[in-house]
Structure formats: C-alpha cells, structure tokens
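Below is one structure, written out as structure tokens; the observations come after it.
Just so it is clear, none of the values below were taken in a lab; they were calculated from the coordinates. Treat the numbers as computed from the prediction; the structure is a model and nothing was measured. Positions of Cβ are generated from backbone atoms using ideal geometry, with glycine treated the same way; all protein chains shown enter the neighbour counts.
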Ligand code: IMP
C-alpha cells in the first residue's frame, strides 16, 4: 500500500518537485488544500528549520498522518545573512523584482570576492507516530550585478553560479545542485530506508 503524506503547502511548483522524488518510493503526496486542511501558521521562527517545523506541526495536529513541510530562502554574507527567513517578504514586499533590486542596491561597491551567498532549504518530516526528522540542503553562489535569465523564480536571476545565474539553468540542471533538490534527496533516502 502507498504511504500517503500531506505537503504543508498548496504551492503547485513545490508539490510537483516533491512528487517527482517521492512517488517512485511508493509515497502518495497530496497538497494541504486537497487534504481539506486550512491552516496558515505565522512563521515566527528565526531559522529555516524552525519555520519548516512550525508549518509541519500545524498540519500534523489536524491530519495525524505523515506530513512534510519546507522553508527556504537566500543568505547573503555581506548582509549578515539577510534576507534569510524574510526572503519572501524582504523590504516589506512580496515582489521578486523589488527584492532583487534591493539586494543589488545594498551590495553597491561590494567586490566580487565578498558577494558570496547561498540558498538554503530546510525540510521537516513528521511520520505517522509524530516523530520529527529534519533535512537541510544548501546551494552556494554569489550575487551578480543585474538580473539574468528567465527560468526559475524569486532570487534566481541575481544568483550566480560560475558564469551563469540560476535563472539561466534548466530545471533539471538546477534540481541536480539546488538546496531544495539536496534536501529532498536526503528526505527520500530517509523514507526509503524506513
Ligand atoms: P518559502 O520557502 O515558500 O517560504 O519561500 C522562500 C522565498 O525564498 C521565496 O519566496 C523566494 O523568494 C526565495 N527562494 C527560495 N528558494 C529559491 C530558489 O530556488 N530560487 C529563488 N528564490 C528562492
């Protein structure tokens, strides 16, 4: 029998990525909305791990079946780790272009060698008995000087990996090296061993 798990998100992009990796392991992944669960807890944690756990616990309390949640964002070293857990609402907006303009502006005059940054993805998995496990993936790069590329989303156009931005990578290329891809594969390995 397939193990049914609820993804604590209704974002179709995330749902597809989780399904691609977990369905071959015999897991059926359904979105929070399709499970009829309407909770949207405040993400009050100061780390990605805490926020993914907050989301997973809120759904587990209602669903009482295996739950997965993720939280992700960008850390820029020269900005002391900003935007960090505020990545989705940096500068008080939810506008990707405004986020990217703000990061570039704040890095004005900062040389290449100090523009290091990383995407981070934390996944929390809660099994049918309520046992929690955490998985972390990181994707290292640096911040460019202008937006480049049309793929991806969020900060991808300003996140440089070598000579190209992560918005210039194909989805397959990005998944192979990305923070979310890495955290997801660690989760898949754990579920596969259970
Ligand atoms: P959340 O994980 O849905 O809370 O989203 C966190 C935010 O981090 C997103 O809105 C994006 O701004 C940013 N982010 C997370 N992962 C990526 C990525 O792979 N590319 C670009 N931006 C990302």
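Numerical summary
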| item | result |
| --- | --- |
| Acute angle (nearest 10 degrees) that the helix 96-106 long axis makes with the longest principal axis of the chain, alpha-carbon atoms | 50 |
| Angle in degrees between helix 179-193 and the longest Cα principal axis of the chain, rounded to the nearest 10 | 20 |
| Shape of segment 100-143, Cα gyration tensor, a/c cut at 1.5 | prolate |
| Mean Cβ count within 10 Å, highest first, over the residues of peptides 124-133, 151-160, 106-115, 69-78 | 69-78, 151-160, 124-133, 106-115 |
| Volume per residue that the Cα convex hull of segment 27-110 spans, once the total is divided by residue count, Å³ | 120 |
| Paramagnetic reach from residue 16 in segment 129-166 [backbone N under 16 Å; point 7 Å along Cα→Cβ] | 150-154 |
| Computed over segment 3-193, Cα set: Rg, Dmax in Å | 16.9, 52 |
| GNM flexibility winner over the chain from 47, 93, 116 (Cα, springs under 10 Å) | 93 |
| Over the chain, relative contact order from alpha-carbon pairs under 8 Å, at least 6 apart, % | 18 |
| The chain: angle of helix 12-22 to the longest principal axis, Cα-based, in degrees nearest 10 | 60 |
